[in-house]
Amino acid sequence: MRRRARDLALLAPACVVLLALFGGAVAGMVRSSLVGLTGGPSLNAWRALFTDPGFADAARFTVQVTVLSTVLAALVGLALAALLRSRGALPRAVLALPVPVPHLLVATSAVLWLGPGGLADRLLGALPLELIRDRGGLGIVLVYVYKEAPFLALLVLAGCGRSLQAREEVAAVLGTTPWQRLRWVTWPAIRGPLLVGSIIVAAYVAGAFEVPLLVGPNAPPTLATFAFEATKRDVIAGQGTAAAALTLISLFSIAVASLAVRFARDAEGA
Amino acid sequence: MRRPSVVVGAAGLLLVLPLAALTARAFADVWRAPALLPQRWGLRGFDAAFAGDLAGSALLASLGVGVTATLLALAIAWPAARVLGERRLRHPAAVFLLLAMPLLVPPYAVGVGLTEWFLRLGLTGHGAELLLAHLAVVLPYSVLLLLSGFGPEVRWLEEMGRAAGLSSADRLRWITVPALRPTLAAAALVSFLVSWSQYGTSLAVAPAQPTLPVLLLPFVGADPQAAAALSLLFLAPALLALLAAVRAMKAPA
């Protein structure tokens, strides 16, 4: 009993600080979206958000960019992991290069390479597609795939480890086909890290706005950019609209994470 | 055997080239299309970026808040990481959920929510708001990374130290910290990088005291060479992190 009390006391500083700061931040955000200009409770900010003509486009664009970026990053990450699985430290170090580089820097580099008159244009004559500020958000997706695929590949490689190779060899000796080994031995080992990584990537893509601000189109904006611009358009009422949009993004990320975790548990139990 | 090496080389080039071009852009005073190399090299980008006090103070703000938030986060995370790493909790799910939430909520949302309270509590304009906002984002990373260092092996070494008559301060100094050094270094590095890269949180909480990323973004459209020069400064800790990671990978287990 005394040991349990001591453990809880050791946990307390981190939990109290997180509850106060992060919990306070979430409470502050929700409160901003529910308090009117006169100080009383009001749904005006939510009403303003849902009736804004740009909201539906921003929401659709956010889901499109998030899904495309996450799925492509996961696929490229898997391919990179397969390529580097049996290789040494140096190729893995090169693969790790974009991981600690801030998103803002990758976006800055993308403008330099892929913008009009950029290095890619000069090398190839002209790019067949407009990638920076295109309405489909291709530039945003490219930046996120470049930045997140190595991160997911490293997570998958960490999930592989040496024990997986031994289990694959045992399965091969038992006469399984490569497809059966992938389906019953390799995939269950890498599914967890890939899923956790993909959830983090999806939440980040849905909520961050420095990459869309630099390489995304002026219209439609992502929801995070929409929230940021709302505070610029109307310094007072815009705060509530921004808070409502940000609450919505947070709920979206938490819902996606919960669904993904539940799906993974069901798959494990099946 | 040859084909995969070519593919790995091409993938490596694709990862290295964009950052190499950023370096070239920072020192290219004149680089007009369609030339593939700059027509004139120079330091105009650095002069433009550091004209006035803004860049210097942004650099100091980023460094100051990054180092302080990292040290604070590690100190607060340490006891919690020990309990979680040694699996002493029977039901740790609630704590892990609390630690995962800041990874799911947008950084700008954390900043906007905290600003609401900072304004009410009169906490604006002291620099404390930036530090507290970064601490909220950095702390989960510190706990999650540190906990991987604690486990039965460290516990066993500490028990041996206790049996040998070492005080708790001596055990910490001579056993626990050396045993956890690689994990501690990784946690410190990642925590610093998380704070160093924060854009949305810093912009929401302290727009009047820009950090390096907040200062950098407007330069990208206005003066690409100055933006590239600031980018090199912004890149330095990431390169240090990578060198440390390569060293750790090559170190014997």
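At a glance:
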{"item": "So B:LEU99, is it touching a residue at least 60 places away in the same chain (Cβ under 8 Å) and either of a type in the set (S, T, N, Q) or closer than 30 Å to A:ALA227 by Cβ (or both)", "result": "no"}
{"item": "Long-range neighbours under 8 Å by Cβ, at least six apart or interchain, first residue without any contact (Cβ under 8 Å) to a residue 60 or more places away in the chain within the range A:73-95, second loosely packed, with under 15 Cβ neighbours inside 10 Å", "result": "A:LEU83/B:PRO4; A:LEU83/B:VAL7; A:ALA89/B:MET249; A:ALA89/B:LYS250; A:ALA93/B:MET249; A:VAL94/B:VAL16"}
{"item": "Positions within the range A:214-229 being without any contact (Cβ under 8 Å) to a residue 60 or more places away in the chain and among the hydrophobic types (A, V, I, L, M, F, W, C), in sequence order", "result": "A:ALA227, A:PHE228"}
{"item": "Wholly within the range A:1-96, helices (runs of 4 or more DSSP H) carrying at least 1 residues that are polar (S, T, N, Q), more than 8 Å from chain B (Cβ to nearest Cβ) and under 22 Å from the mean Cα position of the chain (by Cα)", "result": "A:55-84"}
{"item": "Residues that are within 7 Å of chain B (Cβ to nearest Cβ), touching a residue at least 40 places away in the same chain (Cβ under 8 Å) and over 18 Å from B:VAL190 (Cβ atoms), drawn from the range A:98-113", "result": "A:THR108, A:VAL111"}
{"item": "Which numbered condition B:TRP41 fails, given (1) closer than 28 Å to A:VAL99 by Cα; (2) at pLDDT 90 or above; (3) aromatic (Phe, Trp, Tyr)", "result": "(1)"}
{"item": "Number of the exception - B:PHE234 against (1) more than 29 Å from B:SER148 (Cα to Cα); (2) of a type in the set (Phe, Trp, Tyr); (3) in contact with a Pro (Cβ under 9 Å, 6 or more places away or on another chain)", "result": "(1)"}
{"item": "Which listed residue is of a type outside the set (Val, Ile, Thr), touching a residue at least 24 places away in the same chain (Cβ under 8 Å) and out of contact with any Cys (no Cβ under 9 Å at 6 or more places or on another chain), from B:ALA11, B:ALA55", "result": "B:ALA55"}
{"item": "Test: B:THR23 is more than 11 Å from chain A (Cβ to nearest Cβ) and among the polar types (S, T, N, Q)", "result": "no"}
{"item": "Residue match in the range B:121-144 (condition: assigned by TED's automatic domain parsing to the domain that holds B:ALA80, more than 22 Å from A:LEU11 (Cα to Cα) and crowded, with 18+ Cβ neighbours inside 10 Å)", "result": "yes"}
{"item": "Test result for B:THR201, hydroxyl-bearing (Ser, Thr, Tyr), touching a Gly at 6+ places or on another chain (Cβ under 6 Å) and within 14 Å of another protein chain (Cβ to nearest Cβ)", "result": "yes"}
{"item": "Meets criteria (closer than 26 Å to B:LEU233 by Cβ and either surrounded by fewer than 19 Cβ atoms within 10 Å (Cβ to Cβ) or not basic (Lys, Arg) (or both)) for B:ALA187", "result": "yes"}
{"item": "Pair list, Cβ under 7 Å, 6 or more apart: the range B:110-124 residue more than 7 Å from chain A (Cβ to nearest Cβ), other residue surrounded by fewer than 23 Cβ atoms within 10 Å (Cβ to Cβ) and among the polar types (S, T, N, Q)", "result": "B:PHE118/B:THR124"}
{"item": "Scope the range B:145-184; condition surrounded by fewer than 16 Cβ atoms within 10 Å (Cβ to Cβ) and farther than 26 Å from B:PRO92 by Cβ; matching residues", "result": "B:MET160, B:ALA163, B:ALA164, B:GLY165, B:SER167, B:ALA169, B:ASP170, B:ARG173, B:TRP174, B:PRO178"}
{"item": "Pair list, Cβ < 6 Å and 6+ apart or interchain, from the range B:182-202 residues that are touching a residue at least 24 places away in the same chain (Cβ under 8 Å) to residues that are aromatic (Phe, Trp, Tyr)", "result": "B:VAL190/B:TYR141; B:SER191/B:TYR141; B:VAL194/B:TYR141; B:GLY200/B:TYR108"}
{"item": "Looking only at the range B:66-82, and only at residues there that are touching a residue at least 12 places away in the same chain (Cβ under 8 Å) and either of a type outside the set (Gly, Ala, Ser) or outside any helix (DSSP H, G or I) (or both), the one that is surrounded by the most Cβ atoms within 10 Å (Cβ to Cβ)", "result": "B:THR70"}
{"item": "Any hit, the range B:176-189, residues being over 30 Å from B:PRO38 (Cα atoms), at the interface with chain A (Cβ under 9 Å from one of its Cβ atoms) and at pLDDT below 90", "result": "yes"}
{"item": "Given (1) exposed (fewer than 13 other Cβ atoms within 10 Å of the Cβ); (2) touching a residue at least 24 places away in the same chain (Cβ under 8 Å); (3) acidic (Asp, Glu), index of the condition B:GLU86 fails", "result": "(1)"}
{"item": "Selected residue [farther than 25 Å from B:LEU239 by Cα and surrounded by fewer than 21 Cβ atoms within 10 Å (Cβ to Cβ)] from A:LEU123, A:LEU97", "result": "A:LEU123"}
{"item": "Qualifying residue in the range A:250-257 (condition: over 15 Å from A:GLY28 (Cα atoms), touching a Gly at 6+ places or on another chain (Cβ under 7 Å) and at pLDDT 80 or above)", "result": "yes"}
{"item": "Unmet criterion (only one of (1) at the interface with chain B (Cβ under 10 Å from one of its Cβ atoms); (2) buried (at least 23 other Cβ atoms within 10 Å of the Cβ)) for A:ALA257", "result": "(2)"}
{"item": "Matching residues, the range A:187-218, being closer than 26 Å to B:THR201 by Cβ and either among the aromatic types (Phe, Trp, Tyr) or at the interface with chain B (Cβ under 8 Å from one of its Cβ atoms) (or both)", "result": "A:ILE199, A:ILE200, A:ALA203, A:TYR204, A:ALA206, A:GLY207, A:ALA208, A:PHE209, A:GLU210, A:LEU213, A:LEU214"}
{"item": "The range B:14-36, residues that are among the hydrophobic types (A, V, I, L, M, F, W, C) and within 28 Å of the chain's Cα centre (by Cα)", "result": "B:LEU14, B:LEU15, B:VAL16, B:LEU17, B:LEU19, B:ALA20, B:ALA21, B:LEU22, B:ALA24, B:ALA26, B:PHE27"}
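Condition check ((1) among the hydrophobic types (A, V, I, L, M, F, W, C); (2) surrounded by 17 or more Cβ atoms within 10 Å (Cβ to Cβ)) across all residues:
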| site | (1), (2) |
| --- | --- |
| A:GLY159 | no, yes |
| A:LEU164 | yes, no |
| A:GLY197 | no, yes |
| A:VAL201 | yes, yes |
| A:ASN218 | no, no |
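The values are calculated or read from the model by the stated rules, or taken from the named source; none is laboratory data. Computed from a predicted model, the values in this text were never measured in an experiment. Here Cβ is always computed from backbone atoms with ideal geometry, including for glycine, and neighbour counts include all displayed protein chains.
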